[in-house]
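For reference, the structure is listed below as structure tokens.
Laboratory data are not the source of any read-out in this text; all were calculated from the coordinates shown. As the structure is a computational prediction, the values presented were derived from the model and not from experiment.
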Amino acid sequence: MKNNKGFTLIELIASIGLMILIATIVTVNLNHMKEKREQSKITEFKTKVQDAACVFIDLTVNKVKKSNCYPNCTVSVDDLIKDGMISDDLINPKTNQPINPSLQISVSWDSNGKKTCTLSGV
């Protein structure tokens with residue numbers, strides 16, 4: 001009587017192939033999640049700076065309307081830092097460096113008076 005203990009070569013190859021397939025799927029999904037997280041950090045960073053610029057403009061609206069920049073203005077990150085609207089140690093997630101004070105945020109108003117703040121260069 002023969003005692004057949006163990007696995008056949010076909011069973012071992014199929015098991016290894018299945019493990020490789022599962023590992024590939026997990027790796028692809030993890031890379032996709034990492035890319036989404038990085039993009040989310042960049043979007044959050046831009047939103048934070050743009051919102052600070054909009055609040056800065058709201059607080060200094062009289063100065064802005066008296067200047068010649070209305071209805072299209074630019075606000076520098078340096079202005080926001082000096083006014084305490086954002087921290088000078090804010091890190092740009094794209095470069096992992098402190099925010100560049102020379103970055104400009106465009107502020108414009110449409111015909112309905114709706115304000116739009118746009119950070120470029122990030």
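Observations on the structure shown:
- The gain in end-to-end length when the residue 31 to residue 12 segment is fully stretched comes to 4.0 nm, 0.36 nm per residue minus the alpha carbon separation.
- For segment 9-119, the calculated P(r) over all alpha carbon pairs, in 10 Å bins from 0 to the bin holding the longest distance, is 13, 32, 19, 13, 9, 8, 5, 2, 0 percent.
- The chain: angle of helix 9-59 to the longest principal axis, Cα-based, in degrees nearest 10: 10 degrees
- The slack between residue 22 and residue 38, meaning 0.36 nm per residue of separation minus the straight C-alpha distance, is 3.3 nm.
- Top of 42, 13, 105 by mean-square fluctuation, Gaussian network on the chain, Cα under 10 Å: 13
- When the chain is treated as a GNM with alpha-carbon contacts under 10 Å, the residue of 97, 50, 39 showing the greatest mean-square fluctuation is 97.
- For the chain, built as a Gaussian network whose Cα springs stay under 10 Å, the top-fluctuating residue of 74, 95, 43: 95
- Under-20-angstrom lysine pairs by C-alpha in segment 9-119, whenever the two are 8 or more apart or on separate chains: 21
- Over the chain, relative contact order from alpha-carbon pairs under 8 Å, at least 6 apart, %: 24 percent
- For segment 99-113, 3J(HN,Hα) per residue [Karplus equation, 6.51 cos²θ - 1.76 cosθ + 1.60, θ = phi - 60°, Hz, x = Gly/Pro]: 4, 7, x, 8, 4, 10, 10, 7, 10, 9, 10, 8, 5, 8, x
- Fraction of alpha-carbon pairs over 15 Å apart in segment 68-122 - percent: 54 percent
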